[in-house]
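Some notes on the structure that comes next.
Just so it is clear, none of the values below were taken in a lab; they were calculated from the coordinates. Note that the coordinates shown come from a computational prediction; the quantities given were computed from them, not determined experimentally. So basically every Cβ, Gly included, is an ideal-geometry build from the backbone, and we count neighbours across all protein chains shown.
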Amino acid sequence: MSEFQKSIERILDVDFEKGPETASASELYQSISKAAVRHIRKTWEAQSGTEKKRACYFSSEFLIGRLIHNNLLSEGLLKETEKYLEKHNMDISLLEDIEDPALGNGGLGRLAACYLDSAATQNIPLDGYGIRYRYGLFKQYFEDGFQKETADDWQSCGDPWSVRKEDEKVKVSFADQEVYAVPYDMPVIGYGAVTINTLRLWQAEPLCSFDFDLFNANKFDQSVKERNDAERISAVLYPNDETDEGKKLRIRQQYFFTSASLQCMVSRFKKTHGSSFEEFPNAYAVQLNDTHPVVAIPELIRILVEQENLTFPEAFQIARSTFAYTNHTVMGEALEKWTVRLYKAVIPNVYTYIQLIQKELVKDLRKKGISKAELAPYNIVDKNTIHMARMAVYATSFTNGVARIHTEILKDDVLKEWYRIYPERFQNKTNGITQRRWLALANPELSYFITEKIGDAWITDLSEIKKLEKWKDDETVILEFDRIKKMKKRQLAEHVKKMEGIDMNPEFIYDVQIKRLHEYKRQLLNAFSILDTYFGLKDGRIKDFTPTVYLFGAKAAPGYKRAKGIIKFINEIGRMIAQDKEVADRMQVVFVSNYNVSYAEKITPAADISEQISTAGTEASGTGNMKFMLNGAVTLGTLDGANVEIVEQAGEENNYIFGARVEEINAIKDTYNPKEIYKNDKRVRAVVDMLINGKLDDGGTGIFKELYDSLLEGASWHKPDNYFILHDFRAYCDEKLKANREFGDITAFRKKCFLNTCNAGTFSSDRAVIEYAKEIWKL
Ligand SMILES: *Cc1c(COP(=O)(O)O)cnc(C)c1O
């Protein structure tokens, strides 16, 4: 038995008094994970010093997904663990019952996780800093086609990958509260386990030590209240912010983890550099993942001024050199803002420094010749509002967008005033995904196929994958590629059967849209096209149709009524089709429940068609699109976000691109009249009317009528059909049917899929993180 296996059995014995035969899945999970942490502990401990400059990724989300398989792969222990479990008559898939840590919402959080994986693999010293939410993103299930939510208790099988660092806890103070931030460190293990970085997540705890005075009711109640108030700070991801209390809680969360992280960085810095704070930017670079952690800027200035006796200009200079900001939003109205009143109520002494930053801004703008009348779009504090993105651009050294088209929109539109005065600060860093999780782990069959042909260098250098292209005209290779896809489709069908109890025919085309449910992502457009195909098959307009499964996975924010209405609508369409004998052998709609990273790992390799259909100019980048491309699906999409670069790499002829481009949307925006389209196009009418003709049932909620009105009437706060669904409807249906037709020639279709895989090299998060390290963090 290897040392590692002995270590597993020792832990099983000591912690659970069991051997491998009698241990439960959860006990095996905990023991294997702990043994794997021990395995790398020495390497890990040796690497957390500050001698070399380190980069820090501040993010309110880390959507890391299940860790055990990935970490074992990185440590080179996956095969061994598989064999060990086999020896005891178990399959490693038993560890798939362990809950994902879903400490994030979607793309932004998953990006943070991919960057940590890539940095460790590329030997870049990058640590993550965030919040250890007690409950992550809710768990979703369906009841009568409606989304329901329950709490995500991700620690139910323990948290064996985290190490609590009691002696490194720090105090964080608010106007009305003081709490401990206790760090939990997770190792981020690079492939090959040469570099091991850290994801440090902070947990909020009360200062009092709970020697509850049981005989003094008042004191007891006071202690309980203090504990609850403290723990609430790290209790849930994105608390409901409809009330002032909820908004204040979000401000508390943002300040909590950024202040704790900076305190820890400053104290480590002092150990090696004393108080030569001008060296701080040479010891640390901090990347702000969107605006949630932007309060770190005034907080670092405050710490340097109040605790380290620097002057404001000195501290400001250091902060600017330390921080950089990644923007993730194309839509200007979605940029984060807070009311001054709430900030003053929670962190008044930090607000003081925001005011000083605002004063500095006005001085700088004067110097640049900006007149008083032109100040409005720049003001960080504007009457009663604090604009976080403006502070982020002004008080950092670089601002970046996350796909080429997105960065161009920032420069021309969302942040154009800033680009005018600070053009040198703007950069593009197109997002990426880690090929270790999204190919090596999620698709071992395709990985083997690739490695057999070009070797395994692609695992740490995805540009190698281009070498596959020389087989593009080799029919036997393309058919081998097709066989792998079919195998992944069969495996997914089995998984969906197990999870949802639904049978999915693997002979059908798998047409997939998985991503958060949002109007701009246009799941409703997909739903309409499914209805249009349904009608077309029934009335004979559509012939020679290859049977298709339309697969959806998406969570809607609990308070987002329309998004929930769209889920119900899709489920109702699915029910109607399943009950209609005339078409049920050719169409099936499946909405899987509780879409998360682990589900994505099962679905992505099995897709034939990747739906990326957001309104042009709304999706900053997307990363789901890259996972599909790498696994050999064609993109059915608009020229939005990273889709633009995807088709540039793989060829427009190997994908299915449709719909209005950004320029066209901008040109028609002010005069767009969806009612005209509705009036003149009877196919549009037929599908839109399904929202109100009573054939589909919204359970008496009125939500379908509300969706109908949002398309044709609008509301005071948005225009009718804000996302141009009716405008793109015909083009989308045509392109989708074209893909369906072309699937008929499977060799030609799979060649397109194959060419997508061959050209996905640039979408590795290794490439992205190397660019950040060179061009922003200057490591
Ligand atoms: C990749 C991923 C996303 C992002 O998907 P997009 O299609 O880019 O929006 C969201 N959620 C999960 C679980 C993911 O794995």
Grab the other residues whose beta carbon is less than 14 angstrom from that of Lys165, score K and R as +1, D and E as -1, and report the net.
-2
Convert each backbone phi in region 583-595 into a coupling constant with the Karplus relation 6.51 cos²θ - 1.76 cosθ + 1.60 (shift: θ = phi - 60°), then list the ³J(HN,Hα) values in order as whole Hz, x for Gly and Pro.
10, 4, 7, 10, 9, 8, 10, 10, 10, 6, 8, 6, 4
Mind checking which aspartates and glutamates have their C-alpha under 12 Å from Lys561, skipping anything on the same chain fewer than 8 residues away?
Glu519, Glu706
Set of lysines near Lys225 by C-alpha distance (under 27 Å), chain-local residues within fewer than 8 positions excluded
Lys165, Lys169, Lys171, Lys247, Lys248, Lys344
Mind putting a number on the dipole of region 267-369 about its Cα centre? Charges go on the C-beta only, +1 for Lys and Arg and -1 for Asp and Glu, and I need it in Debye to the nearest 20.
260
Along its three principal axes, how long is region 454-526 when you only count alpha carbons? Whole Å, largest extent first please.
39, 30, 24
Taking H as built 1.01 Å from N, whose amide H comes closer than 5 Å to the amide H of Phe323, not counting residues under 5 places away?
Val286, Ser397
Unit-weight point scatterers at every alpha-carbon of region 1-122, Debye formula, q = 0.16, 0.17 1/Å: log10 I(q)/I(0) is -0.89, -0.97
Along the charge dipole of region 158-221, which of Val163, Pro183, Thr195 sits closest to the positive end, that is, farthest toward it, with unit charges on the beta carbon of Lys, Arg, Asp and Glu (+1, +1, -1, -1)?
Thr195
Taking the Cα centre of region 425-472 as the origin, how large is its charge dipole in debye, to the nearest 20, when only Lys and Arg (+1) and Asp and Glu (-1) carry charge on their Cβ atoms?
300
Estimated D of the chain in µm² per second, where Rh is the Kirkwood radius over Cα pairs and Stokes-Einstein applies at 4 °C, 1.567 mPa s
47
Here the percent of antiparallel bridges among DSSP beta bridges lying wholly in the chain, to the nearest 5, is 40
Given H placed on each backbone N at 1.01 Å, which residues far from Thr635 in sequence or on other chains put an amide H within less than 5 Å of it?
Ser610, Tyr656
Only Lys, Arg (+1) and Asp, Glu (-1) charged, at Cβ; the chain dipole about Cα centre in debye:
1340
Descending Cα extents along the principal axes, region 210-338, whole Å:
54, 43, 20
Tell me, what does the Kirkwood hydrodynamic radius of region 520-565 come to in angstroms if you use every pair of distinct C-alpha atoms?
12.6
So if the hydrodynamic radius of region 693-779 is defined as the Kirkwood radius over C-alpha pairs, what does Stokes-Einstein give as its diffusion coefficient at 37 °C and 0.692 mPa s, in µm² per second?
181
Heads up, region 303-402 by the C-alpha gyration tensor (a ≥ b ≥ c square roots of eigenvalues; a/c under 1.5 rounded, else a/b over b/c prolate, else oblate) looks rounded
Tell me which lysines have Cα within less than 21 Å of Lys52's Cα, excluding those fewer than 8 residues away on the same chain?
Lys42, Lys270, Lys271, Lys774, Lys778
Within 15 Å, Cβ to Cβ, of Thr291, how many net charges do the neighbouring residues add up to if Lys/Arg are +1 and Asp/Glu are -1?
-2
Per DSSP, loop GluC sites (Glu not before Pro) in region 185-262 with at most 11 further Cβ within 10 Å:
Glu242
Of Ile409, Gly694, Gln588, farthest towards positive along the dipole that unit charges on Lys, Arg, Asp, Glu beta carbons give the chain:
Ile409
Any trypsin sites (Lys or Arg not before Pro) in region 439-487 that lie in a DSSP loop and have at most 16 other Cβ atoms within 10 Å would be Lys472
In Hz, Karplus ³J(HN,Hα) per residue of region 453-461 (6.51, -1.76, 1.60; θ = phi - 60°; x = Gly, Pro)
8, 10, x, 9, 4, 4, 5, 10, 8
Gap separating the Cα centres of region 344-369 and region 433-469, nearest whole Å
49
Other-chain or far-sequence residues with amide H under 5 Å of Ser764's (modelled H):
Ile433
Quick one: 3J(HN,Hα) in Hz for region 68-77, Karplus 6.51/-1.76/1.60 with θ = phi - 60°, rounded, Gly and Pro as x.
4, 5, 4, 5, 5, 4, 5, 7, x, 10
Could you please report the charge total around Ser397, scoring K, R as +1 and D, E as -1 over all other residues with beta-carbon less than 12 angstrom from its beta-carbon?
+1
Please label the shape of region 121-209 as rounded, prolate or oblate, based on the square roots a ≥ b ≥ c of the eigenvalues of the alpha-carbon gyration tensor (a/c under 1.5 means rounded; beyond that, a/b larger than b/c means prolate, else oblate).
oblate
Given axes a ≥ b ≥ c from the Cα gyration tensor, I'd like to know whether region 648-694 is rounded (a/c under 1.5), prolate (a/b larger than b/c) or oblate.
oblate
Region 179-295: relative contact order from alpha carbon pairs under 8 Å, six or more residues apart, as a whole percent, is 18
Those trypsin sites (Lys or Arg not before Pro) in region 655-703 that DSSP places in a loop and that have at most 14 other beta carbons within 10 Å
Lys669, Lys695
Among Leu342, Ala557, Ile542, whose Cα lies farthest out toward the positive end of the dipole of the chain, if unit charges sit on the beta carbon of Lys, Arg (+1) and Asp, Glu (-1)?
Leu342
Links that overshoot a 19 Å alpha carbon limit, given the list Lys486/Lys581; Lys429/Lys472; Lys467/Lys751:
Lys486/Lys581; Lys429/Lys472
